[in-house]
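Okay, so here's the structure we're looking at.
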Amino acid sequence: MTQRKAKSGMSVRLILGIILTIMGASYLGVGYMTFFRDVREEALIFQVVFGGLGIVFLAVGIICLFLEIRKRWRSNRLFKSGNYISAEISEVVWCTNIRINSRHPYQVMCRYQDMGGNVHIFKSRYLFFDPEPLLQDRMVRVYVENGNFGHYYVDIDEVLPNVTMH
């Protein structure tokens with residue numbers, strides 16, 4: 001039996017990180033290769049522009065990849081730790097401010113009230129189908145760090161049937 005992992009899917013940060021890292025490495029490579037081949041003054045501008053853009057793109061791409069990998073690592077760590085709270089699904093939101101492949105994703109909003117009376121709202125990952133009619137339960141597990149509600153993972157797959165998109 002395989003162990004379940006926290007699902008995260010493709011994010012904008014991951015795609016942007018991959019694209020910028022490839023572009024940065026390419027620009028940096030072109031600037032570096034021309035540095036040793038052409039020593040004329042006119043080529044210096046070309047080398048500085050390509051090398052400088054390559055460094056900037058590469059740095060931003062690596063930062064985006066690092067942040068995304070850290071987020072996924074944290075979600076998996078929270079999921080495996082087993083420390084969870086039960087939150088009530090309050091609503092399913094259609095995110096019209098985001099569009100991927102001409103489709104707007106859905107997000108499940110969960111509500112939890114702690115012992116002090118504070119209400120915490122948690123958001124699930126983006127889903128590219130309407131989960132409202134498929135929800136099997138109104139309570140969902142939210143994996144949280146010890147006392148830090150800022151780091152969480154909503155296990156929405158627990159209350160949904162196995163959905164395969166074709």
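The values are calculated or read from the model by the stated rules, or taken from the named source; none is laboratory data. In this text, all values refer to a predicted model and were calculated from it rather than measured experimentally. Neighbour counts run over all protein chains shown; Cβ positions are idealised from the backbone, glycine included. Quick note on the areas: whole protein, heavy atoms, side chains included, nothing else; ligands and nucleic acids left out. Shrake-Rupley method; radii C 1.70, N 1.55, O 1.52, S 1.80 Å.
Points worth noting:
- Residue match in region 97-116 (condition: part of a helix (DSSP H, G or I), of a type in the set (D, E, K, R), touching a Ser or Thr at 6+ places or on another chain (Cβ under 9 Å) and open to solvent by 40 Å² or more (accessible area, probe 1.4 Å)): no
- Check on Leu44, modelled with pLDDT under 90, open to solvent by less than 80 Å² (accessible area, probe 1.4 Å) and among the aliphatic types (A, V, I, L, M): no
- Residue ID - nearest to Gly31 (Cα to Cα), chosen from residues in region 60-96 that are assigned to a helix (DSSP H, G or I) and open to solvent by less than 50 Å² (accessible area, probe 1.4 Å): Gly61
- Every pair of residues 6+ apart whose Cβ atoms lie under 7 Å, when the first sits in region 42-70 and is more than 16 Å from Thr21 (Cβ to Cβ) and touching a residue at least 60 places away in the same chain (Cβ under 8 Å) while the second is open to solvent by 70 Å² or more (accessible area, probe 1.4 Å) and of a type outside the set (A, V, I, L, M): none
- Being of a type outside the set (Asp, Glu), farther than 28 Å from Ile19 by Cβ and crowded, with 18+ Cβ neighbours inside 10 Å is a property that does not hold for Tyr153.
- Residue within region 111-129 that is without any contact (Cβ under 8 Å) to a residue 24 or more places away in the chain, within 18 Å of the chain's Cα centre (by Cα) and within 23 Å of Leu160 (Cα to Cα) present: no
- Looking only at residues of region 110-166 that are in contact with a strand residue (DSSP E or B) (Cβ under 8 Å, 6 or more places away or on another chain) and of a type in the set (Ser, Thr, Tyr), we find that the one that is farthest from Gly82 (Cα to Cα) is Tyr126.
- Scan of region 117-137 for residues that are over 19 Å from Val159 (Cβ atoms) and not in a strand (DSSP E or B), ordered by number: Gly117, Asn118
- Considered as a group, the residues in region 138-150 that are in contact (Cβ under 8 Å) with a residue 40 or more places away in the chain and over 21 Å from the mean Cα position of the chain (by Cα) include one that is surrounded by the fewest Cβ atoms within 10 Å (Cβ to Cβ), and that residue is Asn146.
- Here Pro131 fulfils each of the conditions (1) at pLDDT 85 or above; (2) open to solvent by 70 Å² or more (accessible area, probe 1.4 Å) apart from (2).
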